[in-house]
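Below is one structure, written out as structure tokens; the observations come after it.
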Amino acid sequence: MPNSEMEHRSIVVIGAGPAGAIAAALLKRRGHDVLVIERQRFPRFSIGESLLCHCLDFVEEAGMLEAVQAAGFQLKNGAAFACGEQYSAFDFGETFSHGKSTTFQVQRADFDQLLAEQAARQGVEIRYEQEIVSADFSGPEPQLQVRRIDGSGYRVQAGFVLDASGYGRVLPRLLDLEAPSNFPVRQAVFTHIEDRIEHPAFDREKILVTVHPDHRDIWFWTIPFSNGRCSLGVVAGREHFAEAGSDLDACLKHFVAQTPSLQSVLKDAVWDTPARTIGGYAANVKSLHGPGFALLGNAAEFLDPVFSSGVTIAMRSASMAAGLLDRQLKGDAVDWQSEFAAPLKRGVDTFRAYVQGWYDGRFQDVIFHPGSSADIRGMISSILAGYAWDERNPFVAEPERRLHMLAQVCARPRP
């Protein structure tokens with residue numbers, strides 16, 4: 001298509017990841033014309049592999065649950081935490097919110113491709129290896145300049161644009177919407193391994209979060225998959241990585257070697273995949289919406305990987321935005337601030353409180369406290385399962401105050 005030619009579409013979704021696929025499918029199911037533009041070719045690697053139960057509510061809403069259940073992903077029924085000799089496990093079948101009791105741990109290349117294929121089967125058009133290079137929202141309808149992989153380009157005029165571009169953060173970059181995060185700069189180094197785990201205490205149906213024995217702000221994820229492999233990563237402030245050197249494989253092994261409980265779990269592992277790194281991933285924006293657009297998931301804000309909240313926030317934002325946009329396109333008056341940004345932010349802020357509490361040690365004290373009641377553990381388990389918008393839960397309605405009160409009861413002496 002020549003650069004000067006203009007295409008007209010009702011809705012353009014930027015990005016075919018989980019948020020984009022869910023939003024596009026929901027809008028197509030409501031009868032709307034939807035075009036998805038994706039910069040990469042699927043399947044493609046991504047982290048964020050341990051899904052929360054709340055994710056499946058949106059997968060189900062989009063008509064994709066049966067396909068996901070049939071795909072052979074590793075069942076996940078909770079989350080386990082380890083620090084030295086301490087171990088604490090939370091069961092998603094025992095939550096305050098009584099949501100779904102299980103979810104999945106997935107290799108995102110396969111999972112994201114499956115969701116995109118399910119959206120396409122429902123009639124969504126997805127164009128891969130095409131990139132939005134400029135965006136003009138000054139006119140009555142947004143105009144996007146698109147560049148194909150061969151360098152040719154074309155323009156699309158859209159009734160509305162949903163940015164689900166994740167870490168690419170297309171519209172925040174192009175429209176100068178980026179804002180600094182208030183989280184310290186952290187880095188993750190990660191890989192996939194053939195795990196060969198036979199440790200009796202290791203539960204393949206749970207993510208394992210392991211705290212470094214000497215530094216409470218350093219932690220590891222171990223996410224088992226159904227094929228005998230697992231995702232392994234370490235997260236720390238950049239100052240800790242300075243000591244470990246620039247060789248990523250050696251760096252990750254260095255931190256594992258400092259953590260005897262995790263080293264024991266992984267003693268027979270085959271390290272067969274080069275490690276990768278991502279840093280400075282915490283992000284924020286000035287606004288989640290504007291005339292003709294809304295931002296979904298990581299394109300708007302990313303907190304931290306510790307509680308695997310990223311995909312849940314992305315899917316929740318996709319569902320909310322699709323419902324509002326459907327109403328707007330059918331002529332209803334929609335207030336994107338009060339009906340989208342504010343309620344979405346309440347759940348994000350709940351996760352934020354517990355992420356901050358994790359790094360300052362308060363939430364770790366709560367998680368590892370041996371005397372917590374079943375009721376309190378159920379309320380915490382609800383948040384770990386992704387139900388951070390269920391304000392019937394006192395730990396959601398008043399996250400900072402409740403965490404502070406409970407942490408004072410559970411506090412252990414600092415080293």
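The values are calculated or read from the model by the stated rules, or taken from the named source; none is laboratory data. A quick note: this is a predicted structure, and the numbers were derived from the prediction, not measured. For neighbour counting, all protein chains shown are included, and Cβ atoms are generated from backbone atoms with ideal geometry for every residue, glycine included.
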So, SER165, is that one hydroxyl-bearing (Ser, Thr, Tyr), without any contact (Cβ under 8 Å) to a residue 24 or more places away in the chain and within 19 Å of LYS286 (Cα to Cα) or not? no
Return yes or no: is SER317 among the hydroxyl-bearing types (Ser, Thr, Tyr) and touching a helix residue (DSSP H, G or I) at 6+ places or on another chain (Cβ under 8 Å)? yes
In the stretch 216-248, which residue that is more than 22 Å from LEU384 (Cβ to Cβ), surrounded by fewer than 21 Cβ atoms within 10 Å (Cβ to Cβ) and in contact with a strand residue (DSSP E or B) (Cβ under 7 Å, 6 or more places away or on another chain) is modelled with the lowest pLDDT? ARG238
Considering the stretch 178-196 alone, what residues qualify as being crowded, with 16+ Cβ neighbours inside 10 Å and farther than 22 Å from LEU384 by Cβ? SER181, GLN187, VAL189, THR191, HIS192, ILE193, ASP195
In the stretch 9-37, anything surrounded by fewer than 24 Cβ atoms within 10 Å (Cβ to Cβ) and either closer than 19 Å to SER152 by Cβ or of a type in the set (Phe, Trp, Tyr) (or both) is listed as ARG9, LEU35
Is it true that some residue in the stretch 267-275 is farther than 29 Å from ILE11 by Cα, outside any loop (DSSP other than H, G, I, E, B) and out of contact with any His (no Cβ under 8 Å at 6 or more places or on another chain)? yes
The helices (runs of 4 or more DSSP H) lying wholly within the stretch 1-106 that contain at least 2 residues that are under 30 Å from ASP150 (Cβ atoms) and in contact (Cβ under 8 Å) with a residue 12 or more places away in the chain are 18-29
Of those in the stretch 281-318 that are out of contact with any Ser or Thr (no Cβ under 6 Å at 6 or more places or on another chain) and assigned to a strand (DSSP E or B), the residue surrounded by the most Cβ atoms within 10 Å (Cβ to Cβ) is LEU295
The condition of being within 23 Å of GLU60 (Cα to Cα) and of a type in the set (Lys, Arg) holds, among ARG401, ARG377, ARG362, ARG327, only for ARG327
Please specify each residue of the stretch 107-130 satisfying the condition of being under 17 Å from MET315 (Cβ atoms) and either assigned by TED's automatic domain parsing to the domain that holds LEU208 or basic (Lys, Arg) (or both). ARG108
Selection from the stretch 322-349 of residues that are part of a helix (DSSP H, G or I) and more than 20 Å from GLU391 (Cα to Cα): ALA322, GLY323, LEU324, LEU325, ASP326, ARG327, GLN328, LEU329, TRP336
Considering the stretch 160-187 alone, what residues qualify as being under 22 Å from GLN40 (Cα atoms) and among the small types (Gly, Ala, Ser)? ALA164, SER165, GLY166, GLY168
Is it fair to say GLY99 is modelled with pLDDT under 95 and surrounded by 21 or more Cβ atoms within 10 Å (Cβ to Cβ)? no
